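Contents: one structure, followed by commentary.
The values are calculated or read from the model by the stated rules, or taken from the named source; none is laboratory data. In this text the structure is predicted, and so the values were computed from the model without any measurement. Note that we place each Cβ from the backbone using ideal geometry, even for glycine, and neighbour counts take in every protein chain shown.
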Amino acid sequence: MAHPSRLAMVEALAEGEKCVCELQQLVGSDISTVSKHLGILSRAGIVADRKEGLRVFYRLAAPSILDFLACVDKIICRDAKKALEIIEALQT
């Protein structure tokens, strides 16, 4: 989950369903790399897909992942702020 490309894809899918080609443009990787990332997300139950002709579309299968990511973001920001306060205190 922590790979930047996977995080970017999950955030993009929060806006709605996207085809693989849109996700490829978003992360700037080749199609096989994007497919591998989507496979990991799919096996984890985070995304689901549907086929329409030759195109494959992905959507969030577990939208609650967005709440989890928001929580993680808050914790990281809080810890970074505390670390910065400690550094500033040591410099005075």
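Can you tell me which residue among ASP49, ASP73 is touching a Ser or Thr at 6+ places or on another chain (Cβ under 9 Å), without any contact (Cβ under 8 Å) to a residue 60 or more places away in the chain and charged (D, E, K, R)?
The conditions single out ASP49.
For the condition surrounded by fewer than 13 Cβ atoms within 10 Å (Cβ to Cβ) and assigned to a strand (DSSP E or B), what is the one hit in LYS82, LYS74, LYS51?
LYS51
Within segment 4-13, is there a residue that is closer than 16 Å to LEU60 by Cα, under 9 Å from the mean Cα position of the chain (by Cα) and acidic (Asp, Glu)?
yes
I'm checking my understanding of the structure. Among residues of segment 54-71 that are outside any helix (DSSP H, G or I) and at pLDDT below 90, which one is farthest from CYS19 (Cα to Cα)?
By that ranking, first place goes to SER64.
Going through segment 12-41 one residue at a time, which ones are free of Cβ contacts under 8 Å to residues at least 12 places away in the same chain and of a type in the set (S, T, N, Q)? Before the answer, list the steps.
The initial filter retains those residues of segment 12-41 that are free of Cβ contacts under 8 Å to residues at least 12 places away in the same chain, namely 15, 22, 24-25, 28, 30-32, 36, 39.
Within segment 12-41, GLN24, GLN25, SER32 qualify.
I'd like the full set of residues that are under 19 Å from GLY53 (Cβ atoms) and of a type in the set (Gly, Ala, Ser), limited to segment 17-38.
Result: SER35, single match.
Only one of these is touching a strand residue (DSSP E or B) at 6+ places or on another chain (Cβ under 6 Å) and of a type in the set (Asp, Glu): GLU17, GLU85, GLU11. Name it.
GLU17
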